[in-house]
1. Let me confirm something: among GLY236, GLY178, which residue is small (Gly, Ala, Ser) and over 22 Å from the mean Cα position of the chain (by Cα)?
2. Among the residues of region 31-86, how many are in a loop (DSSP other than H, G, I, E, B) and modelled with pLDDT of 80 or more?
3. Given GLY175, GLY195, GLY206, which one is surrounded by fewer than 24 Cβ atoms within 10 Å (Cβ to Cβ) and either in a loop (DSSP other than H, G, I, E, B) or not assigned by TED's automatic domain parsing to the domain that holds PRO649 (or both)?
4. Mind counting the residues in region 165-224 that are of a type in the set (Gly, Ala, Ser) and in contact with a Lys or Arg (Cβ under 8 Å, 6 or more places away or on another chain)?
5. Looking at the structure I just gave you, is ARG244 free of Cβ contacts under 8 Å to residues at least 24 places away in the same chain, in the same structural domain as ARG187 (by TED's automatic domain parsing), out of contact with any Phe, Trp or Tyr (no Cβ under 8 Å at 6 or more places or on another chain) and of a type outside the set (Gly, Ala, Ser)?
6. Condition first: farther than 16 Å from ASN279 by Cα and either touching a helix residue (DSSP H, G or I) at 6+ places or on another chain (Cβ under 6 Å) or not assigned by TED's automatic domain parsing to the domain that holds ILE282 (or both). Now tell me which residues in region 123-132 satisfy that.
7. Against the condition crowded, with 22+ Cβ neighbours inside 10 Å and touching a residue at least 12 places away in the same chain (Cβ under 8 Å), how does VAL310 come out, does it pass?
8. In region 58-101, what residues are out of contact with any helix residue (DSSP H, G or I) (no Cβ under 7 Å at 6 or more places or on another chain) and buried (at least 20 other Cβ atoms within 10 Å of the Cβ)?
Amino acid sequence: MDSDSFQRSREPDIVHRAEMSDTPVQAHSVFSGLSLAAGYAHSPFQSGIAALRDPGRLRESAMKHLWFSTAIVSVLAILLIIVFLIIDAYPIFAAVGVYDFIAGRVWDPAGAAPAYGILPLIAGTLLVTFGAMVFAIPLGIGSAVFLAELAPPQVRAVAKPAIELLAGIPSVVYGFFGLIVLTNWLRITFDIASGETWLAASLLLGIMALPTIVSVSDDAIRAVPRSYREGSFAVGATHWQTIRSVVLPAAISGITAAIILGMGRAIGETMAVIMVAGNAAIIPDPITNALSPVRTLTGTLGIEMGEAAVGSAHYHALFGVAVVLLAITLAVNMCARMILQRIQERHEGAAGAGYGPIRAGIDLIRLYTPIFLLIVPSGLLAVAADLRTAALALAVVLGFFLLRERVSPKISQKIAFGLITSSALIVLLILGIILFDIISNGLPALSWEFLTEPPRNLGREGGIGPAILGTLYLIGGAILVALPIGIGAAIYLNEYTTEGRVTRTIRAGADLLNGTPSIVFGLFGFAFLVLFLNLGVSLLAGQITLGLMILPTIIRTTEEALKAIPDSLREGSLALGATRWQTISRVILPSAVPGILTGTILSIGRAAGETAPILFTAVVFSRRLLPTSVFEPVMALPYHLFILATNVPGAERNQYGTALVLLMLVVGVYLTAILIRNRYQKTVTW
């Protein structure tokens, strides 16, 4: 520990001793000694000797270094992922060339003359993501405004947890619903041969991104000070004018973060896209043909990695695909960090001038939110019908913008509130449809035998007992890996260091790790754990891979929980003579339990529902007995459902039963998180 850190950690103790002195002169001498000591720099050797002489200082130094070691794990993890991906991708880049690999228009690695051009895969990824955002952004922001500004407390208490449950539905369950219900609806509606299209993938990913956008935007809107609203009302603005011109611009940073997080979810999704996108490695012709099948970067990895021979050109080409995918997601996250930082700086700069909204925020919210709120239904009508309907929808949009300034504020408010309320109802309706379909068709399959027996006849008969226990094994191991590291990293970032280069590097590593697609974690686990460390396809490899995947979530939620603790608690503890670690362990951490528990339980839910990270590292489709060691593979519910839905015809009953059990497991975890959070919010006060 350096001298400045040591003096800062010991200063409250010295202050306490000074306050207990008999005379003011003694107290003055103590502070004089402190000032004099601060002027000298101790060498590391002298600091080490001093620490050895003082067990308390030695313990403080050891704890600080321990938490620092946990904090750098995220940086090391992202570096290892990048290094191993590049090492395995280099042969294809050297053989084909980086430009030809990225710009090539044909992807056919199994052809007589293998072709490794990934431009159709990049185009498919961007098109699906764009479509998902066009669907999710207006519904998400509209629902967030409804929850934060319009919904009565009783409605909000039910609606927000219900929307948050969308986040708890595993991606493979979304994919199963999309494969069975959504694609069939699109096939009938548009009279096409197959509903597995770009439109199906975009709609499904938009639904999956909704809870993230709604939840984060709602928190951002509710964080806007009440004085902003009161000031707007005081000058005669209506409720809608206040929301549009004051509240939303003030919450622009959080709303932008919500959109970027939703975009990251769409770019990195694997299993749901595989199941509904059609997986044709082509560029739609014309490019606006939303009914064309497409293939994404993530889908290609999920489909072909299991078929590629280790060391072959195909194998290295797939790692090249992973490098491009990781580069795209890292670029999105880095741009997001810069944008959010700039918005935050502008917001802070404008804070001293009253509640005046940021100009960029006004432009973004006032212009694009109404456009999105109208363009989604009009766009769907245009796709569903003909050019006449498209022209009518466009006329409605243009008419709204031409006449909205001439419409009275009361009528404008009614129209806006009607659209906002409709968006929330649509989100809840989507949730209801998904849950009703899974529950109504899955309940008949549930029985004691189904929950305890192993599968038979390729999963058409028997049960899913080994898959349930295998999923629990994977979750338990992942939490054992991630929880101590994540909490330790958050403690170091929030309690032991100030903002600087090291802190920014650690946070950047955690953010980049958080933005890494789950399929990339799977490839890294396969290359590093399964092959390099020779763990094989095993329970241990899957647990470590899942642990790395959920680590950023635990770090972020724990750090936010620690930041929410008032500094007065720290100051009070230190003023009573407690050391920094005593303050953290006995005051700060107990007060942060709600946030830590919430983050941990949400991480459990995510780990339980993930398929891509364990696809190549841990799972097999069928296994009659449980593993006897961590070096054996296991069954898992997400993978079992994926294989049943995509490769086993005639297993619809067990498909729905497996989907329902997985849904009950993950949603039960999320409900537990919500209940624990609400209980601690009622009992923990400052």
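1. On the way: GLY178 fails: over 22 Å from the mean Cα position of the chain (by Cα).
Of GLY236, GLY178, the one residue that is small (Gly, Ala, Ser) and over 22 Å from the mean Cα position of the chain (by Cα) is GLY236.
2. Applying the first criterion (in a loop (DSSP other than H, G, I, E, B)) to region 31-86 yields 39-43, 54, 72.
When the remaining residues are screened for being modelled with pLDDT of 80 or more, the result is 72.
Residues that pass the stated criteria total 1.
3. Values: GLY175 fails: surrounded by fewer than 24 Cβ atoms within 10 Å (Cβ to Cβ); GLY206 fails: surrounded by fewer than 24 Cβ atoms within 10 Å (Cβ to Cβ).
Within the list GLY175, GLY195, GLY206, the selection yields GLY195.
4. At the first step, the residues of region 165-224 found to be of a type in the set (Gly, Ala, Ser) are 167-168, 171, 175, 178, 193-195, 200-202, 206, 209, 215, 217, 220, 223.
Remaining after also requiring in contact with a Lys or Arg (Cβ under 8 Å, 6 or more places away or on another chain): 193-195, 209, 215.
Of the residues in that region, 5 qualify.
5. Working: free of Cβ contacts under 8 Å to residues at least 24 places away in the same chain: no; in the same structural domain as ARG187 (by TED's automatic domain parsing): yes; out of contact with any Phe, Trp or Tyr (no Cβ under 8 Å at 6 or more places or on another chain): yes; of a type outside the set (Gly, Ala, Ser): yes.
Here the answer is no, as ARG244 does not meet what is asked.
6. To start, the set of residues in region 123-132 that are farther than 16 Å from ASN279 by Cα comprises 130-132.
GLY131, ALA132 - these are the residues of region 123-132 that are farther than 16 Å from ASN279 by Cα and either touching a helix residue (DSSP H, G or I) at 6+ places or on another chain (Cβ under 6 Å) or not assigned by TED's automatic domain parsing to the domain that holds ILE282 (or both).
7. On the way: crowded, with 22+ Cβ neighbours inside 10 Å: no; touching a residue at least 12 places away in the same chain (Cβ under 8 Å): yes.
Taking the combined requirement at face value, the residue does not satisfy it.
8. Answer for region 58-101, where residues must be out of contact with any helix residue (DSSP H, G or I) (no Cβ under 7 Å at 6 or more places or on another chain) and buried (at least 20 other Cβ atoms within 10 Å of the Cβ): just VAL96.
The values are calculated or read from the model by the stated rules, or taken from the named source; none is laboratory data. All values reported here derive from a predicted model rather than from experimental measurement. Don't worry about glycine lacking a Cβ; one is built from the backbone with ideal geometry, like all the others, and counts go over all protein chains shown.
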